Amino acid sequence: MVAKKCVFCSHDETIQHLFFDCHFAKFLWRVVQYTFGLVPPTSVAQFYNDWLFRFDYKSKTQLLCGVSTLCWALWLSRNDIVFDNSPMKTYMHVLFRATHWLWMWSLLQKCDDDTNLLKDACRSLETMAMQIFANHGWRFSNRIAT
């Protein structure tokens, strides 16, 4: 059975909610904002109509890859809970899932500079997320996922 409520927060589930309005998505977008200074997009339409077009071609392709991995991690995590009855995911689990996919997708880039840029982005996102949690009392001896 397909979920009608968001598995992360119990609000009505829509694409808009899952990728932009849910607290899990907002956390991921905030980490991106703090790490790279990018104002998060607020919708799919805004992402494709305004947000992405502020960047040059090379930056657009890198951003599209990064945004796709964030959405992919949210989607996979949601599907694990809905279809596989897996336990609830943590913020860090979803973020590290996104950086895992971004790291893997970086290997598919045409030039080494693009690969290295995406790998550096992964390290930066993970470091920023750990700093955010550490500043709010999370100990690194805590488990990231169950």
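The values are calculated or read from the model by the stated rules, or taken from the named source; none is laboratory data. It should be emphasised that the depicted structure is a prediction, and the values quoted were computed from it without experimental measurement. All Cβ positions, glycine included, derive from the backbone under ideal geometry; neighbour counts span all protein chains shown.
Across segment 1-22, what is the number of residues that are within 23 Å of ALA121 (Cβ to Cβ) and either at pLDDT below 95 or part of a helix (DSSP H, G or I) (or both)? So the answer is 3.
Take segment 114-134 and flag every residue that is out of contact with any Ser or Thr (no Cβ under 6 Å at 6 or more places or on another chain), more than 17 Å from VAL94 (Cα to Cα) and modelled with pLDDT of 90 or more. ASN116, LEU117, ASP120, listed by residue number. Is there a residue being under 22 Å from ILE15 (Cα atoms) and over 12 Å from the mean Cα position of the chain (by Cα) anywhere in segment 90-104? Checking segment 90-104: at least one residue is under 22 Å from ILE15 (Cα atoms) and over 12 Å from the mean Cα position of the chain (by Cα). Looking only at segment 4-25, residues that are loosely packed, with under 14 Cβ neighbours inside 10 Å, under 14 Å from the mean Cα position of the chain (by Cα) and within 24 Å of PHE53 (Cβ to Cβ) come to 0 in all. Filtering segment 72-83 to residues that are closer than 19 Å to ALA121 by Cα and either among the β-branched types (Val, Ile, Thr) or surrounded by fewer than 19 Cβ atoms within 10 Å (Cβ to Cβ) (or both) leaves only TRP72. Taken over segment 53-71, the criterion of being in a helix (DSSP H, G or I) and either of a type in the set (D, E, K, R) or surrounded by 16 or more Cβ atoms within 10 Å (Cβ to Cβ) (or both) is satisfied by ARG54, LYS58, LYS60, GLN62, LEU63, CYS65, GLY66, VAL67, THR69, LEU70, CYS71.
Going by the conditions given, is SER86 outside any helix (DSSP H, G or I) and touching a helix residue (DSSP H, G or I) at 6+ places or on another chain (Cβ under 8 Å)? When the stated conditions are applied, SER86 passes them.
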